[in-house]
Amino acid sequence: MNGLFSPAVFLVTVVLAVLYFSVVGPLSRRVAGAEPTSLKKKSLFVIGLLLFYLGLGPVHYFAQTFFSAYVLEQATVNIVMPVFILLGLPAWLIHSVFRTKKSRLLLRVFTVTPVAMLLFDGLFSISLLPAVFNRLMENSYLYGISRLLLLFAAFCTWWPILTPVKEWRLPDIQKVGFLVVSGLLLFPISMYLLFADAPLYAAYQTVPEVYPGYTALDDQQLGSIILKIFQVVVYTCVFFSIFKSWYRKEGSLSATDAIDEPISPDAIAAMPQQRS
């Protein structure tokens, strides 16, 4: 996985793509209640897979040298990619996977609002504490486990807002509150990285000079900026999507109320009478 184009990551990406298109294609006929998956959903899932490959492939290659690239990798895989993957999954597939009460209860445990809100932000912030980060970098097994836990937590965080089963999503106003609080929870670690007066991590004490005078501290501060930019851009896009959905619902309800509202007797009396 250390090469620039990461053949192993590319192979995993291809396998995931084949599995997805097999499940939503020929194999869907074996699933009760399955419906054709739209081109839009397929396209969103493919974008998610591309982000998966870019994050764990080329970006990861540079993350071995630059902390800013490490943050870019984390933001790509754990903040952006889950959005596209979840939006690309059909609701009938989720229903078929979580069709038993026990499986839905287990899902609920990890995706209930307080847990979902704290799980990723908490784990991500803890993983960037110097003592924890340095320990993870020294042990490849711990590092691999931490990556899997972060990815799992990232999907749990987005689930209440973007689960393919719309009936399981939070109400729009709660989605907005969820995004605001979640964004604030990552603020302390971002500021910690931005205003640190020295490089914090043993693996990134020195970096190549991208330009004359570029230091490890500059790279660390750049990582903090990248994290906030990704978070703000993604959260803002999701927020406007929620607002658009809410606006459409309100417009639809207003139109329905206008149609169903009875005409008052006074309004009938005020109407001009047709002459015979």
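The values are calculated or read from the model by the stated rules, or taken from the named source; none is laboratory data. Please read all numbers here as calculations on a predicted model, not as lab measurements. Positions of Cβ are backbone-derived with ideal geometry, glycine not excepted, and every protein chain shown enters the neighbour counts. Accessible surface areas use protein heavy atoms only, side chains included; no ligands, DNA or RNA. Shrake-Rupley method; radii C 1.70, N 1.55, O 1.52, S 1.80 Å.
Structure values in brief
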item: S68 vs. criteria on the phi < 0 side of the Ramachandran plot and modelled with pLDDT of 95 or more; result: yes
item: Qualifying positions in the stretch 166-213 - over 17 Å from A116 (Cα atoms) and open to solvent by less than 20 Å² (accessible area, probe 1.4 Å); result: I189, S190, L193, A196, Y201, Y204
item: Which numbered condition L56 misses (of (1) aliphatic (A, V, I, L, M); (2) more than 22 Å from V97 (Cβ to Cβ); (3) surrounded by fewer than 16 Cβ atoms within 10 Å (Cβ to Cβ)); result: (3)
item: Within the stretch 164-218, tally of residues that are part of a loop (DSSP other than H, G, I, E, B) and either within 17 Å of the chain's Cα centre (by Cα) or farther than 30 Å from A34 by Cα (or both); result: 22
item: Given (1) at pLDDT below 95; (2) in contact with a helix residue (DSSP H, G or I) (Cβ under 6 Å, 6 or more places away or on another chain), number of the condition S28 does not satisfy; result: (2)
item: Residue within the stretch 163-174 that is in contact with a Phe, Trp or Tyr (Cβ under 6 Å, 6 or more places away or on another chain) and farther than 19 Å from A75 by Cα present; result: yes
item: Residue among T157, T163 that is buried (at least 17 other Cβ atoms within 10 Å of the Cβ) and in contact with a helix residue (DSSP H, G or I) (Cβ under 6 Å, 6 or more places away or on another chain); result: T157
item: Filter result for I226 (open to solvent by 80 Å² or more (accessible area, probe 1.4 Å), among the hydrophobic types (A, V, I, L, M, F, W, C) and under 30 Å from G88 (Cβ atoms)); result: no
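Here is a yes/no grid of residues against (1) touching a Gly at 6+ places or on another chain (Cβ under 8 Å); (2) modelled with pLDDT of 95 or more; (3) of a type in the set (A, V, I, L, M):
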residue: F133; (1), (2), (3): no, yes, no
residue: M137; (1), (2), (3): no, no, yes
residue: S140; (1), (2), (3): no, no, no
residue: I161; (1), (2), (3): no, no, yes
residue: K166; (1), (2), (3): no, no, no
residue: L170; (1), (2), (3): no, no, yes
residue: Q174; (1), (2), (3): no, no, no
residue: V181; (1), (2), (3): no, no, yes
residue: L186; (1), (2), (3): no, no, yes
